[in-house]
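Heads up, the thing below is written out as structure tokens.
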Amino acid sequence: MKKALLKFFERIEPDKKKSPFLHTLYDGFFTFAFTPGTVTKGGVHIRDGMDLKRQMVHVVFALLLLYLFGMYNVGHQHFVALGQYPAFLSGFHLKLIYGIILMLPIFVVTHVVGLGIEFYYAYKKGHGIEEGFLVSGALIPLIMPPDIPLWILALSVAFAVWIGKEAFGGTGMNVLNIALLARVFVFFAYPTYISGDEVWVAGLEKIAAGAPAHYGWIHLSVFNPIFESFGWAIYDPAATVVDGYSGATPLSLAFHSGWEAVTSHYTPAQMWWGAIPGSVGETSKPLIIIGALFLILTNIADWRIMVSMLGGAAVMAMLYNGWGATEFMNVPWYYQFYMGSFWFAMAFMATDPVTATSTGTGKYIYGFLIGAVGMIIRVLNPAYPEGWMLAILFMNVFAPLIDHYVLQANMNRRMKRAKASA
Amino acid sequence: MKNSASKAIITIVSMLTASAAWAQGTTGDSGGSSIVLYSLISVAVLVFFFIVVQVSDSLLVIESKQSGAAASGANFSLFPSWKELFAPRLPEYLQHKPMTILKRGHDILLVGEAAKVVDTGITAKTYAVQPVNFIGISPIPKMLVEEGAEVKAGDPLFQDKIRPEIQWVSPVSGEVIAINRGEKRAITSVVILADKEMKYRKLSSFDLEGGTREELVTYLLDAGAWPLIRQRPFDVMADTDEAPRDIFISTFDTAPLAPDLSFVVEGKEEAFQKGLDVLGKLTTGKVHLGLDGRGKQAPSKAFTEAKGVELHYFHGQHPVGNVGIQIHHTKPIGAGDKVWTLGVQEVIMLGRLFTEGRYNAERIIAVTGAELKEPKYVHTYMGAKVGDLIDGNLSNDHVRLISGDVLSGAKKTAEDFLDFHDDQLTVVEEGDDLTVFGWLLPSLNTPSISKTFPSAFLPKIKFRAETNTHGEKRAFVVTGTYEKVLPMDIHPQDLFKSILVGDFERMEGLGIYELIEEDVALCEFVCVSKQPIQHILREGLDMMREQS
């Protein structure tokens, strides 16, 4: 098997001089298939088995469950709006296929654009293809609304990778989190596509009673005949949004009319398990927590950031409970964790090692401040009832400052010791 | 002052508690309220007494620290310490000993540990002294012998051009058969074909009691013993004109497959103690001995009962046996400090100058590694030829020979010679093979600190490590991995970055003086981005050395 694969690779290897770009591509795929046979030179003679590929791919593993659930939930929300198959598991094939049809292009576009830029720079700078985008590319589809137009997605990914990463020197050099940069680009450039009550449910003309559902030829001419041949239910092109349905997310409900309004639409259990509208990957809290635990147990993400972020958000939410000036502040502090994308931001966004603080003490401070600032934005900002994206980007900028003071403390300690002994 | 303030606060608090309870008690009219009152008062009294006891107890502990009594490791508190209650019981030899427990670090367990037998049948034919082993000397030393010259063991071979008083002597008697030169005509090695029967240069005796430090230094320089001493910071040749602040010796080595120094020192206890006596005279401070506090068995008596030195026990994982880590936790090196370090076998050689009156370069080398038929200890002399030591012992010929351990040793061929300070030869397989989806596979034979390998759940597993890099070089991405294996109050990643940008102030501030290559070798091993950490550190050290 290995020999055949090697032979295949040998045969297709492009000429390095004639087509350097193709060779960079080839090299990327070759090192993907084989760990190269390079040996240590000078320094240590044996090396730990961990490399960046392995590190990054384990983050992707942690996201797999979210992909599965997210895709299904996209379909589920669509049918809930139409008043069909209200039970979570009924209409299983319809919901799953609907989600896959929606998510696949998003995933492909993200990777084609992102990896394209990455490959181009690898070729231009003459280094191997770095693995940074493996994680960013897996994260971006999960934090977008399901109906995001593909050209906006492409634009945002290009902006994030180009301006956010390559302009700073490539993987490991970026100041801001790439995935969040892509999202914040959409947020500021095309706000109507990523905020409000309309965008979190896919495939509807608009959210109003009687608005028709929208299906493409792939639903009607490819899958409907297949389902029919099995005798299963099919997509109904005549379906319309039911009376009284609003696509509002728990956060916007809570912001305008408090916890009562939230519970009149969604039960706490529903919010916790994730059968609610929202960005694709953020809704299911237990699955995110499983992913987070996986990252902590494998030592890939730092538990200090996660724990202190949880602490920061909880403290801030309790303070709001004490203050109680608005309806939103009066939401019991523990219910704040049932809404929005706190868990996803905590597990996968704040822990990005490149943009977080690098010192141990710094990580506690960094995480705590993200928690606190994010909660401030969520509760006080009237324009947009979620804070983690902005809080994390904000603290990304401050991370070097936090590290500076932690290191300065270490340097002062050393200086003091030298003075004491002199 | 503080004490009286805290007393006042306690009194007020307890009065307030009592009065609040009283007020509650009087407003209530049922019989239950008096129970509440009394129980509150009794709790307040108990808390009060507890605080009094606690305060006086802390004062006792502070006092014992100030008087220096706590340095013996005994617990002066009234209460048993957390450690005493929950830590595993210390073995007999560690009771009431000053002990440093380090949590961070990582032991790499490899196959091929040397069997506890010393093979005296193996004799290397050629030996070499290699000027390239020393930092801080001129690359082209002044030769004192020519090719073809007959030398006795202890006869000078060459001297430093910058400090001509420092000279290197022959480890064996025989004929100088080659003076090899490398780049820019730097001398890489002076090779001696050894006699069957060793002849030694007789040294004049020296009165250790009566002689002054200057006389002792002159005597050691003449005997050729000066290169045995290494000086920190920078790991360079020791200064001849300045006494070190302290001298540190680690009596155990935690590197992969490292020799058991308690075994090596057997039968040489007298020479070891003599060496310590000599060192005691060379420093204005103290001689510190780092002892192994990990095992159930006490280390050799030569170490535990050494006289005229300060003993420190250490417990933890590699690199706890590195002298640099021990210095950091005993008396760290600050700017301007100079300390000396020696290995155990170097101390023994130093002692033999006085007990035997000759430069006796005999040493015991641990020949280790999974690719050997028979890993064992070998009795030979300093700078022995690598090929001679493993002759007929290899089970595989696609191997890498390493003078030293797999983390900080030097790559050698069979024609090369062991480095001056090394007491270990390691043989591992060359891993220049491609692995299909190697970055994904849960391999069982890859040493790692990562829990993404199943071996993380088999803590006793031993690896047949090979030299594959397991990935390509990348920019620094991951944070926090270096800290896990460097048990020092140092931020390694930021230090390395400050070296890369050449920021002197930061390098000094972040503690570059406290490190040499072997201390950060584990950082390089675990580096996810496959950065050449030891090389980076040495560049930084060179920059700092040029500055000073």
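The values are calculated or read from the model by the stated rules, or taken from the named source; none is laboratory data. On a predicted model such as this, the values are computed, not experimentally measured, just so you know. As a convention, Cβ positions derive from the backbone with ideal geometry for all residues, glycine included, and neighbour counts pool all protein chains shown. These area figures cover heavy atoms from the full protein model, side chains too; ligands, DNA and RNA do not enter into them. Shrake-Rupley method; radii C 1.70, N 1.55, O 1.52, S 1.80 Å.
Structure values in brief
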read-out	value
Fraction of alpha-carbon pairs over 23 Å apart in the stretch A:251-413 - percent	39
Angle in degrees between helix B:32-67 and the longest Cα principal axis of chain B, rounded to the nearest 10	30
Antiparallel DSSP beta bridges within the protein assembly as shown, as percent of all bridges there, nearest 5	65
Accessible area buried at the A-B interface, both sides summed, 1.4 Å probe (Å², nearest 100)	5700
Surface accessible to a 1.4 Å probe, A:PHE348 within the full protein complex, Å²	10
Theoretical FRET efficiency, 1/(1+(r/R0)^6), r = Cβ-Cβ of A:LEU319 and B:LYS103, R0 22 Å, to 0.05	0.05
Added length on full extension, which subtracts the Cα-Cα distance from 0.36 nm per residue, A:GLU205 to A:LEU64	47.8 nm
With Cα atoms, 0 to 90° folded angle of helix B:2-27 axis to chain B main axis	40
10 Å Cβ neighbours from other chains, averaged over peptide B:519-531	4
In Å², nearest 10: area of B:HIS96 left accessible to a 1.4 Å probe	130
Built amide H within the under 5 Å cut-off of B:THR188, gap 5+	B:ASN180, B:ARG181, B:GLY182
Cβ-derived FRET efficiency at R0 25 Å, B:ALA475 paired with B:ASP433, nearest 0.05	0.40
Number of partner chain Cβ atoms within 10 Å, mean per residue of A:406-417	4
Highest-first arrangement of B:317-323, B:446-452, where packing means the average Cβ count within 10 Å	B:317-323, B:446-452
Gain in span if fully extended, A:PHE9 to A:TRP151, counting 0.36 nm per residue against the direct Cα distance	47.7 nm
Accessible surface of chain B [probe 1.4 Å, protein heavy atoms]: carbon and sulfur percent	56
Accessible area in square angstrom per residue, chain B, 1.4 angstrom probe	45
Ranking by accessible area, most exposed first, for B:GLU362, B:GLU150, A:GLU131, B:GLU92 with a 1.4 Å probe	B:GLU92, B:GLU150, B:GLU362, A:GLU131
Prolate/oblate/rounded label for chain A (Cα gyration tensor, a/c 1.5)	oblate
Accessible area (Å², 1.4 Å probe, nearest 10) - B:VAL117	80
B:LYS462, B:LYS125, B:LYS97, B:LYS376, ranked by accessible area, largest first (probe 1.4 Å)	B:LYS125, B:LYS462, B:LYS97, B:LYS376
Restraint check, B:LYS286/B:LYS411; A:LYS41/B:LYS161; A:LYS7/A:LYS53; A:LYS2/B:LYS376, Cα-Cα greater than 28 Å	B:LYS286/B:LYS411; A:LYS41/B:LYS161; A:LYS2/B:LYS376
Carbon/sulfur fraction of accessible area - chain A, other protein chains in place, 1.4 Å, %	70
More than 55 Å apart - percent of Cα-Cα pairs taken over the protein assembly as shown	30
Chain B: antiparallel DSSP beta bridges as a percent of all, rounded to 5	60
Shielded residues, the stretch A:1-37 - accessible-area loss of 50 Å² or more between chain alone and all protein chains, probe 1.4 Å	A:LYS2, A:PHE32, A:THR35, A:GLY37
Residues in the stretch A:315-334 reached by a label modelled at A:ILE289 [backbone nitrogen below 18 Å; 7 Å Cα→Cβ]	A:315, A:332-334
Rg/Rh (Cα only; Kirkwood hydrodynamic radius) as it applies to the stretch B:286-423	1.00
Accessible-area ranking of A:TRP200, A:TRP232, largest first, probe 1.4 Å	A:TRP232, A:TRP200
For chain B, with +1 on Lys and Arg beta carbons and -1 on Asp and Glu, the positive-most of B:LEU458, B:GLN273, B:THR212 along the dipole	B:LEU458
Efficiency of FRET between A:PHE394 and A:ALA189 - r from beta-carbon atoms, R0 22 angstrom, step 0.05	0.75
Mean-position separation - Cα centroids, the stretch A:163-203 and the stretch B:402-454, in angstrom	43
Positive minus negative residues near B:PRO299 (Lys, Arg vs Asp, Glu; Cβ under 11 Å)	-1
Helix-only CD estimate at 222 nm, as mean residue ellipticity for chain A, using -39500 (n - 2.57) per DSSP H run (n ≥ 4)	-19000 deg cm²/dmol
Equivalent ellipsoid dimensions for the stretch A:42-193 as semi-axes, Å, which come from the Cα gyration tensor, largest first	33, 20, 11
Highest average packing first - A:248-255, A:311-318, Cβ atoms within 10 Å	A:248-255, A:311-318
For the stretch A:265-353: rounded, prolate or oblate by the Cα gyration tensor [a/c cutoff 1.5]	oblate
For the stretch B:465-481, Karplus couplings with θ = phi - 60° (6.51, -1.76, 1.60), whole Hz, Gly/Pro x	5, 10, 8, 4, 7, 6, x, 9, 5, 9, 6, 5, 10, 7, 10, x, 6
Part-to-part distance (alpha-carbon centres) for the stretch A:33-58 and the stretch A:239-261, which is given in Å	51
Chain A: DSSP helices with Cα axial extent of at least 24 Å and average Kyte-Doolittle hydropathy no lower than 0.5	A:52-82, A:92-125, A:303-323, A:360-380
Whether the stretch B:281-354 is rounded, prolate or oblate, judged on the alpha carbon gyration tensor where a/c under 1.5 counts as rounded	oblate
